[in-house]
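These notes concern the structure reproduced below.
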Amino acid sequence: MCKKINFILVLGVISIIVIITAVSLLFFTTLMPAAESDGTTPVAQTSITKAAGTGHLAQNSPESNSAPNGKSNPAKETARKAFISEAEILIKDTHYIKASLLLGKALMDFPEDKEISVLNDKAENLEKQLIIYKGKIYHVFFHSLIVYPELCFTGDSMEQGYNDWMTTVREFKLMIQEMYERGYTLVDLRDLFKIDASGKMVRQDIYLPEGQKPLVISVDDMSYYKYMEKDGFAKKLVLDKAGKLASLINTPRGDEIISKDGDVVPILNNFIEEYPDFSFKGAKGTLALTGYEGILGYRTNHNNPDWQKERDAVVPIVDKLKETGWAFASHSYTHRRTFSEGTITLDYLKYDTDKWMNEVGSIVGTTNIYIAPFGATFRQNDARQRYIVSRGFNVYCGVGPQPSYILYKDNAYMERLDLDGYKMFHMPELMKDLFDVDKVFDPARPGFK
């Protein structure tokens, strides 16, 4: 019996010794340096790991911008130099806002980089340092853009007119891109001319970042007339699901779609989102509206039985246009041929202006800009011109080949250059300051007569 007890005691002691030995070994192992990953650098000291599925160094790396051997990461350095190079080009081209946005992104990746920080400060300072512009001011204009040339140029009776006076979406996009690259920036026509304290019309000073040139854009007949509905143009301005201005279009297949590429307004809005330097203080353009078939594709003309419903529908569109920097002008109510013939009577002009005020002005609000139908002009002492000025339209815009304006005692006259097929084909030299016509001209156009 004693032998059994002694045997059990011995086994118990041995078990205790084994347990104590195992615990001791485990304890001392945790205090020892981890095994070296390559015989030189302890893994515990570098703690360099790959973020799951990204291929980038994880945040616990002591030098996430450096390679494991301590040298600069070539990919990171290439990206850094690319940021700097692109920003320097943007600054050279006077695109200071775009450069600042780019460098802001760069500083997120390289927050301690002094070269990027200094360049960003330079871009921001140049954008804020405005100087008085003293050169010529181009005022260019368009009509509704041709979205589908294959529906527009079909050899029918409308083809030649469309070919002469309209611009395609493709051409418009190339035009604004090149004008942007040449340093033009949009300014608001409403800011150019003012009546001073003495009652005299004066041209306001234009302050722009150094190297930038002002550009005024207007769009005539933004009513989307019924005769154009099947000819490859947009049908109306609408708001898309995101609440942005867009165009309602019928495609060649007969589908009705909402597009951001359907006309001047949505295309220009989206372009400026990408290239903010193309707009000074949010300026866009001026929409010259008639009223005899409503405005912006909505039949708000009062001889339409549903005009009130159409009016209610267009008000949010008008509000969004104003919110995003667009202005409005009268283009007359009727756009009658008697304007171009010079035979419109004073009585009819009064009727026309009253109709515009009641049916269009009541929706878009007060404006002092009159964009003449057909570019028609009157002498300053003509009773018709006096009447237009008396109704508050003291900025009168016609059509002409040169970037020019004339200041009269109580009103200003400004010429506009039409960027359309006729001018591009017959007088491309007029646009040499703005863009290269050969690069812009749409090959989908038919021949010119």
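The values are calculated or read from the model by the stated rules, or taken from the named source; none is laboratory data. Everything numeric in this text was worked out from a predicted model, so none of it was measured. Heads up, the Cβs are rebuilt from the backbone with ideal geometry, glycines too, and the neighbour counts pull from every protein chain shown.
Quick notes
- Annotation note: of Thr345, Thr286, the sole residue that is surrounded by fewer than 21 Cβ atoms within 10 Å (Cβ to Cβ) and either touching a Pro at 6+ places or on another chain (Cβ under 7 Å) or of a type in the set (Val, Ile, Thr) (or both) is Thr345.
- The stretch 377-449 holds helices (runs of 4 or more DSSP H) entirely within its bounds, and those carrying 3 or more residues that are more than 22 Å from Ala197 (Cα to Cα), free of Cβ contacts under 8 Å to residues at least 60 places away in the same chain and in the same structural domain as Cys152 (by TED's automatic domain parsing) map to 383-390, 421-426.
- Which numbered condition Phe278 misses (of (1) crowded, with 19+ Cβ neighbours inside 10 Å; (2) over 28 Å from Leu407 (Cβ atoms); (3) in contact (Cβ under 8 Å) with a residue 60 or more places away in the chain): (2)
- Checking Ala197 against (1) surrounded by fewer than 23 Cβ atoms within 10 Å (Cβ to Cβ); (2) outside any loop (DSSP other than H, G, I, E, B), the condition it does not meet: (2)
- Lone unmet requirement of (1) crowded, with 18+ Cβ neighbours inside 10 Å; (2) in a loop (DSSP other than H, G, I, E, B); (3) not β-branched (Val, Ile, Thr) for Gly135: (1)
- Out of Ser340, Ser332, sole residue that is modelled with pLDDT under 95, over 30 Å from Pro276 (Cβ atoms) and outside any strand (DSSP E or B): Ser340
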